[in-house]
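Coordinate-derived values only; no laboratory data. Here the structure is a predicted model, which means the values were calculated and not measured. Don't worry about glycine lacking a Cβ; one is built from the backbone with ideal geometry, like all the others, and counts go over all protein chains shown.
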Amino acid sequence: MRERSALLALPRPVARFRRRAVRLAKELGDDWALDAATGPRDLATLAGLARGRERIAELGTARGWTTASLALAEPGAHVVSFDPVSHEHRDRYVALAGPDARARIALEQAQGADGAVDAQPVDMLFIDSTHERDATVAEYRAWEPRLRAGAVVAFHDYGHPGFPGVAEAIRILDLSGEVRGGLFVATARGA
């Protein structure tokens, strides 16, 4: 019931995609996708943050559910997602977003920090990769010069007891922002 009510907060195309992805995960017996996917409440926050953004970078693709959702949330956005692992069934899930959204998604097999080297500037950065302190710090620092004025940065699993490295990284980076559900949201420095 909570899942169903949380879906109501999502933009209609994102909610439709999520229902399809959940159905496919159940058909495939892909319990990891069901457990690891960004929950609807955090997804609603991310969808709101994506509005009006042209270029979005995601660090940590996993099965691609959030990647597809970001492209669906903002029909004009190009989304590039980095993950060193090409996770099983990822392409099948992303295809559920439809050809228009899929055409605006680039899936890169690389570490998040490495992706910043040749990246175009972005309006939004979503960090949801290792959740380890040092890696999260390195990813943010690598991407910081690529953040456009007014860019927003969202860190997933902030405050999660299983991932203390995220909050530790934010303290080390001395970022100010706000907690929104399981996300820490900050505006790029100097923006």
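Report the GluC sites (Glu not before Pro) located in the range 54-116 that are in a DSSP loop and have at most 15 other Cβ atoms inside 10 Å of their Cβ, or state none.
Passing both the DSSP loop test and the Cβ count: 54, 88.
Out of all Cα-Cα pairs in the chain, roughly what percent, to the nearest whole number, are more than 23 Å apart?
36
Enter the angle in degrees (range 0 to 90, nearest 10) between the Cα long axis of helix 133-143 and the first principal axis of the Cα atoms of the chain, meaning the one along which they spread out most.
For 133-143 against the chain, the angle is about 80 degrees.
Rounded to whole Å, give me the distance from the Cα center of the range 145-191 to that of the range 2-71.
Computed from Cα coordinates, the inter-centre distance equals 20 Å.
Step through the residues of the range 174-187 one at a time and calculate ³J(HN,Hα) from phi using the Karplus curve (6.51 cos²θ - 1.76 cosθ + 1.60, θ = phi - 60°), rounding each to whole Hz and writing x for Gly and Pro.
3J(HN,Hα) across the range 174-187, in whole Hz: 6, 8, 10, x, 9, 8, 10, x, x, 10, 10, 10, 10, 9.
With θ set to phi - 60°, apply the Karplus curve 6.51 cos²θ - 1.76 cosθ + 1.60 along the range 33-50 and write out the HN-Hα couplings as whole Hz, x wherever there is a Gly or Pro.
The phi angles translate into 4, 5, 7, 8, 5, 4, x, x, 5, 5, 5, 5, 4, 4, 4, x, 5, 6 Hz.
Mind telling me which of 139, 168, 27 comes out most flexible in a GNM of the chain, alpha-carbon contacts under 10 Å?
Comparing 139, 168, 27 in the GNM, the peak value goes to 27.
Going by the alpha-carbon gyration tensor, a ≥ b ≥ c the square roots of its eigenvalues, is the range 30-103 rounded (a/c under 1.5) or, if a/c is not under 1.5, prolate (a/b greater than b/c) versus oblate?
Prolate is the answer for the range 30-103, as a/c is 1.5 or above and a/b outweighs b/c.
Return the long-range amide H neighbours of residue 124 (sequence gap of 5 or more, or a different chain), with a cut-off of under 5 Å between placed amide H atoms.
Distant-sequence amide H within range of residue 124: 55, 57, 152.
For a label point 7 Å from the Cα of residue 117 along Cα→C-beta, name the residues of the range 73-87 whose backbone N is under 17 Å from it.
81-85
Kindly identify the range 1-69 as rounded, prolate or oblate by the Cα gyration tensor criterion: order the square roots of the eigenvalues as a ≥ b ≥ c, call it rounded if a/c is under 1.5, otherwise compare a/b with b/c, prolate if a/b is larger, else oblate.
On the way: a/c = 2.04, a/b = 1.30, b/c = 1.57.
Oblate shape, in that a/c is at least 1.5 and b/c is the bigger or equal ratio.
Grab the beta carbon distance between residue 149 and residue 20, set R0 = 35 Å, and tell me the FRET efficiency rounded to 0.05.
With a Förster radius of 35 Å, E is 0.45.
Starting from the 7 Å offset along Cα-to-Cβ, what nm value, one decimal, do you get for the label separation of residue 102 and residue 32?
Label-label distance for residue 102 and residue 32, simple model: 2.3 nm.
Could the peptides 92-99, 63-70, 170-177 be put in order, highest first, of the mean number of other beta-carbon atoms found within 10 Å of their residues?
63-70, 92-99, 170-177
Tabulate in residue order the Karplus-calculated ³J(HN,Hα) for the range 164-172, using 6.51 cos²θ - 1.76 cosθ + 1.60 with θ = phi - 60°, rounded to whole Hz; enter x for Gly and Pro.
Along the range 164-172, the couplings run x, x, 5, 5, 4, 4, 5, 5, 4 Hz.
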